[in-house]
Amino acid sequence: MAAGSSAGDESSSLFSFFFYVLFVYPAANWILKPGRFSKSRGLAYAIAMLVAIAAVKTGFEIQERGPNFYRTLDVSRGSSALDIKRAYKRMSLELHPDKNPSATAVDDFAKLKDAYDVLMDTELKDVYNRFGEEGVKANKRVDEYRMLLEIAVFYVAWGIMAFLLTLGKASAAARQWIFTGQLAMFVAEVLLMLNELKLPDWFLPQTTEHELVLILHALFPAYVNGCRCIGGVLYVDLEEQTKQLLLALHEQNKDVLLALRDVHAAIAASVASGGGAHPMALAGGAAAPGSGGALSAGAEGPAPQRRRPGHGGPLGPGVPATPMQKLKDLEATLRGSPAAAPSAAAAHPALVKPEAKSNLGLYVMIAAYIAIYYCFSGSG
């Protein structure tokens, strides 16, 4: 690009950087604040706001640059020399100072003449498409080394800024999205500037490759801050979740140990009070073999031990449970009750069934690159 165009592009990019970082990003974070809206609605509102601001800002920048040569002559990139001549004759009759009473008639007609001269010259037309009007005025020719250096400066600068804006674990996904988009933009810009990728005639027919690159540069700050907002909302701290799950498992383990200690104490108490009663009697209260059958309801025996409140046996809160019953209660607790670990697992299913990172997004991106390349190159 020419020096003036490059300086203007750099100043515009710098303004966009501060505008989005200091104003737009805080506004998006305000919308995405937990509790203000639901997660999906907050994301929708934030994305809609970013798209609207980017569209309005980019539209104003395009309008400020004024119509390009194709719009001045009302032709498209694919128009033939004959079409351009006819358009010039028609427009010259309308804009000639002798017939145009406008105060800017002379300037309008001079611009029409410049547009005609450039678009009728194949070499100048190619320079204009890639470097804009400033490139034509500077009689710029393709210097691939210098052009790639200028492109690299822009992307390296934005890469450093994006990296600094996405430091930390919570922004890792946003950083990956930003660098992926930046790589796609870099490849597209290099291919357009080297004429390796031709825009088809139906795609923005009155927009040059140079203007398309400027539009991408203008939209990139919005893309960066959009990735930051979305990445922050969708971030899940797996390490913290794993820590909480382990703590829940530890608490459950404590409950199991306490229940086993209860069982052990009950068995010891039953053995001590029963004078070596048969294990079947300890387990279910049945008589030992050879004892003459089950104990009658009124049979004398050791006084029942009172359990702690809430730990009664199956016969009621005041009747002690047998060791076998306690084991059954423990098994039922581990299998059926909502223990801490199952609750944590239900709250974080990603930890229970970890899925391998999917590369579907990368494959879709590569397929899109290939499709766009063949579409544009075929149409060109």
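Structure above, values below:
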read-out: Estimated vicinal HN-Hα couplings, Hz - the range 102-112 in sequence order (Karplus 6.51, -1.76, 1.60; Gly, Pro = x); value: 5, 5, 9, 4, 5, 5, 4, 5, 5, 5, 4
read-out: Hz values of 3J(HN,Hα) by residue in the range 66-74 - Karplus curve (6.51, -1.76, 1.60), Gly and Pro given as x; value: x, x, 7, 5, 5, 6, 4, 8, 6
read-out: Overall dimensions of the range 1-136 as given by Cα atoms, namely Rg and Dmax in Å; value: 21.4, 67
read-out: Computed FRET value (nearest 0.05) for Glu94 with Lys243, which takes r as the C-beta separation and R₀ as 56 Å; value: 0.15
read-out: Longest to shortest principal axis, alpha-carbon extents of the range 122-227, angstrom; value: 52, 31, 20
read-out: Violating pairs (Cα-Cα greater than 21 angstrom) within the set Lys57/Lys169; Lys89/Lys125; Lys33/Lys169; Lys99/Lys125; Lys85/Lys125; Lys89/Lys113; value: Lys57/Lys169; Lys99/Lys125
read-out: Projected area, mean over directions - the range 31-71, Cα convex hull, nm²; value: 3.5
read-out: Net length gained if the chain between Leu167 and Ser102 were fully extended (0.36 nm per residue, minus Cα distance); value: 17.8 nm
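Rule-based calculations on the coordinates, nothing more; no lab input. Keep in mind it's a predicted model, so treat the numbers as computed, not measured. Note that we place each Cβ from the backbone using ideal geometry, even for glycine, and neighbour counts take in every protein chain shown.
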